[in-house]
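**Student:** The structure's right below; bear with me while I get my questions together.
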Amino acid sequence: KSKKNETVIHQLMKRLYFSNEFVDWILKGKKRATTRVKDFIDEDGDREIAGDLKKGDVVEAADDDDRVFAALEIESVRTLRFDALDDDLARTENFDNAEHLQKVLLRFYKDLKNDSSLVVVHFHVVRS
């Protein structure tokens, strides 16, 4: 393949951003899901795309420094309330329990309430 074609494909792929602290977990298969606020707008004005994803999509995984570290294939996407997060999901994200997952989510999304709607995306690494 030519470099030019790879650049075009690279630009077309959707990108999920992860905190640097989760990169190693993802690459080692310890974190196989991510929970996001649907349509969340970050401080740069970028909209969260997790709610747009569907089973079979392949996305780039990038860290806080905008470095792509893997390609992820989406296994499933579902919507869940903040108060419905459970221990099984927490363990899939490499946390001890639902309470731990909720605390971590509150670091990223300060305004979460029990009835806040979240998007849970299950994935696996297809390339790193």
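The values are calculated or read from the model by the stated rules, or taken from the named source; none is laboratory data. This structure is a prediction, so every number in the text was calculated from the model and none was measured. Cβ placement follows ideal geometry from the backbone for every residue including glycine, while neighbour counts extend to all protein chains displayed. Note: accessible area is taken over every heavy atom of the protein model, side chains too, but ligands, DNA and RNA are not part of it. Shrake-Rupley method; radii C 1.70, N 1.55, O 1.52, S 1.80 Å.
**Student:** Hey, what's the chain come to in accessible area per residue, 1.4 Å probe, Å²? Each step should come with its number before you reach the end.
**Tutor:** Numbers: 7730 Å² over 128 residues.
Result: 60 Å² of accessible area for each residue.
**Student:** With mean projected area of the Cα convex hull in nm² in mind, check (i) 7.1; (ii) 13.7; (iii) 8.0 and report the label derived from this structure.
**Tutor:** (iii)
**Student:** Using alpha-carbon pairs under 8 Å, 6+ residues apart, how would you state the relative contact order of region 50-101 in percent? Spell out each step's value before the answer.
**Tutor:** Numbers: 56 pairs, mean separation 13.1, N = 52.
Answer for region 50-101 is 25 percent.
**Student:** With helices defined as uninterrupted DSSP H runs, which ones in the chain have an alpha carbon span along their own long axis of at least 20 Å and mean Kyte-Doolittle hydropathy of at least 1.6?
**Tutor:** Taking the DSSP H segments of the chain (at least 20 Å long, mean hydropathy at least 1.6), we get none.
**Student:** Among 47-57, 87-97, how do they line up by average Cβ neighbours within 10 Å per residue, starting with the highest? Could the numbers behind the result be given before it?
**Tutor:** Numbers: 47-57: 15.0, 87-97: 16.5.
Taking the mean over residues of other Cβ atoms within 10 Å, the ranking is 87-97, 47-57.
**Student:** Over the chain, with every protein chain in place, what whole percent of the accessible area is carbon and sulfur at 1.4 Å, could you tell me?
**Tutor:** Values: 3600 of 7730 Å².
Using a 1.4 Å probe with all protein chains present, the chain comes out at 47 percent carbon and sulfur.
**Student:** So what is the 222 nm mean residue ellipticity for the chain from helices alone, if each DSSP H run of at least 4 adds -39500 (n - 2.57) and you divide by all residues, rounding to the nearest 500 deg cm²/dmol?
**Tutor:** Working: 4 runs with 35 residues, N = 128.
Computed ellipticity for the chain at 222 nm equals -7500 deg cm²/dmol.
**Student:** Heavy atoms only, probe 1.4 angstrom, no DNA, RNA or ligands counted: give me GLU99, GLU73 ranked by accessible area, highest first.
**Tutor:** Values: GLU99 110, GLU73 60 Å².
Result of the area sort, largest leading: GLU99, GLU73.
**Student:** Separate question: Of the lysine pairs in the chain, how many meet both conditions: Cα atoms under 16 Å apart, and a spacing of 8 or more in sequence or different chains?
**Tutor:** Details: LYS14/LYS38; LYS14/LYS54; LYS14/LYS55; LYS38/LYS54; LYS38/LYS110; LYS38/LYS113; LYS103/LYS113.
Number of lysine pairs found: 7.
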